[in-house]
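Have a look at the structure below, then the notes.
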Amino acid sequence: MPGQQGRYPPQTPEFEPLVSDERDPEVLSKYQNLLADEPRRISPKMLAIGFTASMIVLGIILWYFQPPPRVPKSEVVGYVDHSTGVGKLPFMGYNTWNAYACNINETVVLESARLMKSLGLPDVGYEYVGIDDCYSEKQRSPQGDIVASKERFPSGMRKVTDEIHSLGLKAGIYSDSGWFTCQLYPGSYGNEERDAKLFQEEWGFDLLKYDNCAVPFDSVIKEGMVGKYTRMAKALSDLTKKTGKQMLFSLCQWGREEPWLWARKLGHTWRTTDDINPSWGSITDLLNRNSFYAWASDFYGHNDMDMLEVGNGQLTYDEAKSHFTAWALMKSPLVIGTHLKDATKETLEILTNKEIIAINQDPVFGTGITPFRWGVNPDWTWNWTHPASFWSGQSQNGTVFMLLNTLGTPVDLSFTLTESPWIRAGRQYSVRDLWTHTENGTAVRNFTARAVPPHGVVALLMKDAGDEPEGTQPPCARPEWCMREDGRRIDQ
Ligand SMILES: *[C@@H]1O[C@H](CO)[C@@H](O)[C@H](O)[C@H]1NC(C)=O
Ligand SMILES: *[C@@H]1O[C@H](CO)[C@@H](O)[C@H](O)[C@H]1NC(C)=O
Ligand SMILES: *[C@@H]1O[C@H](CO)[C@@H](O)[C@H](O)[C@H]1NC(C)=O
Ligand SMILES: *[C@@H]1O[C@H](CO)[C@@H](O)[C@H](O)[C@H]1NC(C)=O
Ligand SMILES: *[C@@H]1O[C@H](CO)[C@@H](O)[C@H](O)[C@H]1NC(C)=O
């Protein structure tokens, strides 16, 4: 309120107590006289009758005002049941595609599952083992079912999922919303109910990744993208009503027609972009695109930035760290896609950073980090080589920051704390580095990460550490419209 007089900073107002503590001496003496009177005698019988009567009256009152019975609240959003816990957090696991593409078989799948286990990956949260395209015969059976490839999966799918389950893991399968999969194996269009039943009930899978190739003609489908994906969502939802088990539904829809606006009602995750590849250009391209809709992830609905390429291609150690940090803190599913038996110490160190994973799996805050400043380019610039550098978000234990060096040389990355919406003015913050796993002092007003390597990343957790030192100048860290109580602006 400009012009209002008072002290700065504003003090807690001193309220007049509503009830005076001073007793009227006249009233007080009457009261004391009353107490001095001979106490009345009440017979035990009267006492019992009175007690019973008052209990009955109390009972009637309580019965009349009882709260309505607790009906379990329906938490079904579209076709997704938010009461099951399935898909509440970004799912974590392994998928064969990035490492093996079409060259899969039961040996590869089960060996990957066993390696996950022996490398301790389930201990840090990796749970699903996903089979991607190319697992089936080219033709459905005469009855109309998808048939597992006799050559690649000779033991049958049930054997594979049993084995995966016996390791304490969950199993993922793949299909397509069109006539065929992208590698031209049978798709599920027109067979949604049959295939959902096969995948879940007969084969025992827990997750379905659902691709976007081989779209039927308009004159056949008469649906848009939403309708095309609703078909399987409905089939899975109907099956859940029957079996009580919900499959995690992962829409692989490549970000066409803005799935972040509608896919939350159909499934748990939706791809936001085209396929990733193991190059820095692909990482920055996907980061640039996702920076514009990073706000859309929350519990039970996550932007899927595609499977991880950590350990693959020509990515440097710093590039792989940046890739993993961004995917995790933006709440993308974390799906390992490298040959686990050849995984280096660095690859495993990156994939098992518990402090970074904890934020991806935060039970309290479902939203991810979003950019607060682009850095190299002006804010909101669409640029696939130089996406936003300064990001922040909320977490259970404080505000998370990600600083990304998109340049080919080391740079210092500096920011004012209150550039992030999640920081309080006038407070100082303890700084934890989530990659070196160290406490890095206390930040007052600003923070500078020195010599961040080319394509490198810094991930910080800032915790409120009380008021900033008295007299910290200038009076407002963000000078715009900063004003003294007497109405004088100090930013002009
Ligand atoms: C399974 O696939 C792997 C990787 O493509 C290959 O090396 C191996 O020979 C295959 N095994 C069988 C039994 O087909
Ligand atoms: C918050 O801190 C606790 C205790 O260190 C830890 O167990 C938890 O994983 C942290 N949560 C997040 C989201 O980092
Ligand atoms: C992306 O940004 C960089 C740095 O500003 C600039 O050199 C480059 O030309 C931009 N790329 C495009 C396609 O605009
Ligand atoms: C950061 O804040 C401190 C404390 O207010 C101040 O002395 C310093 O000049 C600031 N640095 C930058 C780069 O703004
Ligand atoms: C935090 O401190 C560690 C240990 O001194 C150091 O290696 C790291 O670079 C620091 N992090 C930042 C962001 O300054």
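Read the figures in this text as sums done on the coordinates, not as results from a lab. On a predicted model such as this, the values are computed, not experimentally measured, just so you know. Here the Cβ positions follow ideal geometry from the backbone for every residue, glycine too, while neighbour counts run over all protein chains shown.
What the table shows:
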item: Farthest positive-ward along the chain dipole, Cα basis, beta-carbon charges - from 473, 311, 440; result: 311
item: Listed residue pairs exceeding 26 Å between alpha carbons, taken from 117/354; 170/234; 88/222; 197/354; 150/234; result: 88/222; 197/354; 150/234
item: Inter-label distance, nm, simple model (7 Å from Cα along the C-beta direction), residue 158/residue 295; result: 5.0 nm
item: Nitroxide proxy distance, nm - points 7 Å out along Cα→Cβ at residue 101 and residue 53; result: 9.2 nm
item: Simple Cβ-charge dipole of the chain, Lys/Arg +1 and Asp/Glu -1, about Cα centre, in debye nearest 20; result: 1040 debye
item: Protection-proxy order for peptides 474-481, 421-428, each taking the mean of Cβ atoms within 10 Å per residue, highest first; result: 421-428, 474-481
item: Furthest towards positive pole of dipole, 462, 415, 175, structure part the chain, Cβ charges; result: 175
item: DSSP H segments from the chain that extend 24 Å or more along their own axis, Cα-based, with Kyte-Doolittle mean of 0.5 or above; result: 44-64
item: Prolate/oblate/rounded label for the chain (Cα gyration tensor, a/c 1.5); result: oblate
item: Virtual spin-label span in nm between residue 314 and residue 377, 7 Å along Cα→Cβ; result: 2.2 nm
item: Farthest toward positive dipole pole in the stretch 78-360 [+1 Lys/Arg, -1 Asp/Glu at C-beta], among 92, 329, 219; result: 219
item: Between the stretch 284-322 and the stretch 128-156, the Cα center-to-center distance that results, in Å; result: 30 Å
